[in-house]
1. How many of the residues in the range 181-233 are more than 23 Å from the chain's Cα centre (by Cα), at pLDDT 90 or above and of a type in the set (Ser, Thr, Tyr)?
2. Is it the case that the range 253-274 has a residue that's touching a residue at least 24 places away in the same chain (Cβ under 8 Å), on the phi > 0 side of the Ramachandran plot and outside any helix (DSSP H, G or I)?
3. If the Cβ limit is 8 Å and pairs must be 6+ apart or interchain, which residue in the range 71-89 that is on the phi > 0 side of the Ramachandran plot pairs with which residue that is loosely packed, with under 14 Cβ neighbours inside 10 Å and of a type outside the set (S, T, N, Q)?
4. Does residue 283 satisfy the criteria of being touching an Asp or Glu at 6+ places or on another chain (Cβ under 8 Å), assigned to a helix (DSSP H, G or I), crowded, with 18+ Cβ neighbours inside 10 Å and at pLDDT 95 or above?
5. Give the number of residues within the range 288-318 that are touching a residue at least 60 places away in the same chain (Cβ under 8 Å), part of a helix (DSSP H, G or I) and in contact with a strand residue (DSSP E or B) (Cβ under 7 Å, 6 or more places away or on another chain).
6. For the range 226-242, what are the residues that are within 14 Å of residue 261 (Cβ to Cβ) and either among the basic types (Lys, Arg) or assigned to a strand (DSSP E or B) (or both)?
7. List the residue pairs whose Cβ atoms are under 9 Å apart, where the first residue sits in the range 9-20 and is acidic (Asp, Glu), the second is at pLDDT 90 or above, and the two are 6 or more positions apart or on different chains.
Amino acid sequence: MNNIPIQNPSGKQMYERISQNIQKVIKGQSSAIRKLLAAFISGGHVLLEDCPGTGKTTLAKALAFSIDISFKRIQFTPDLLPSDILGVSILDTNERTFHFHEGPIFAHIVLADEINRASPRTQSALLEAMAEFQVSIDGNLRKLADPFFVIATQNPVESRGTYPLPEAQMDRFALQFSLGYISPEEEVKLLSDQIEKHPIDNLQSCASLQDIINFKKQVKQVRISEELKRYIVDIINRTRTAPGVQLGASPRASLALMKIAQALALFDGFEYVTPDHIQELAVSVIAHRLVMESQARFSGTTAESVVIDIIKSLPVPK
């Protein structure tokens, strides 16, 4: 399979335009930006887990401000209620009718900041929204915006005052990854950029809602061969029988891996998915969905190492 660029690289140009705009604010995180945009354009959601101060919230805001669409931020705290996310019906005493007041979930991009500081009951308010792009309130179904994208951040689960996300919630996230610390050189640039004010204050949108709708259509047109579909399924299937894994990845993981790989292929200027795109994403798409046996955890086996071993052991389609 030859790597021949597509003749009309508008998708690649759109990716580069948005990516470069975000990099005006976020330094040294090109890989994280690439994954974030791939999930957004393919219709998935992202969970960012890292230590405080690494730029999780700033990355989410930089994406939102780069596109001329609605954005809401929800700060998750122990006393947050589901109605604070979804909205509430309030009685109008003059008209003697209830009027629904939309919550912050009714936006194109929703930042769920420090999601694991809220109770499981509140976390579950996002389940239907993330899976079906709708919410059930007062017996009525209400459609969410299109596109609808959740970026959740969480501190490591060992941090004080956190509630681990349940398996069903983790499975709703197409990707989970960390930002990590940037290089000393990039950190020096970060200091210089913020001497007077934060660069995000000057960030201008570089794409419209229609641009994003067209972008998403192009992703769906990227071809993926039957051999690569089987390759994806084989990877997912191996997680269900891997030693030390109590619960493997679901078919939702297969779908996420295929769709996000299509986005990466478009970003790279190709009209079809290659094995490299699948391998680049495998850990970020699959690892957070696995439930490890306690004995495996105690022995130092991680979900990430399980996925890496599976990738190494499977033959790559030609």
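1. Of the residues in the range 181-233, 1 are more than 23 Å from the chain's Cα centre (by Cα), at pLDDT 90 or above and of a type in the set (Ser, Thr, Tyr).
2. yes
3. Pairs found: 87/101.
4. Here the answer is yes, as residue 283 does meet what is asked.
5. Number of matching residues: 2.
6. 229, 230, listed by residue number.
7. Filtered contacts from the range 9-20: 16/267.
A quick yes/no check of all residues on (1) farther than 25 Å from residue 81 by Cβ; (2) modelled with pLDDT under 85; (3) touching a Lys or Arg at 6+ places or on another chain (Cβ under 7 Å):
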{"residue": "92", "(1), (2), (3)": "no, yes, no"}
{"residue": "104", "(1), (2), (3)": "no, no, yes"}
{"residue": "131", "(1), (2), (3)": "no, no, yes"}
{"residue": "145", "(1), (2), (3)": "no, no, no"}
{"residue": "150", "(1), (2), (3)": "no, no, no"}
{"residue": "153", "(1), (2), (3)": "no, no, yes"}
{"residue": "157", "(1), (2), (3)": "no, yes, no"}
{"residue": "161", "(1), (2), (3)": "no, yes, yes"}
{"residue": "178", "(1), (2), (3)": "yes, no, no"}
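The values are calculated or read from the model by the stated rules, or taken from the named source; none is laboratory data. Note that the structure is a prediction, hence the values are computed from the model and not measured. Neighbour counts run over all protein chains shown; Cβ positions are idealised from the backbone, glycine included.
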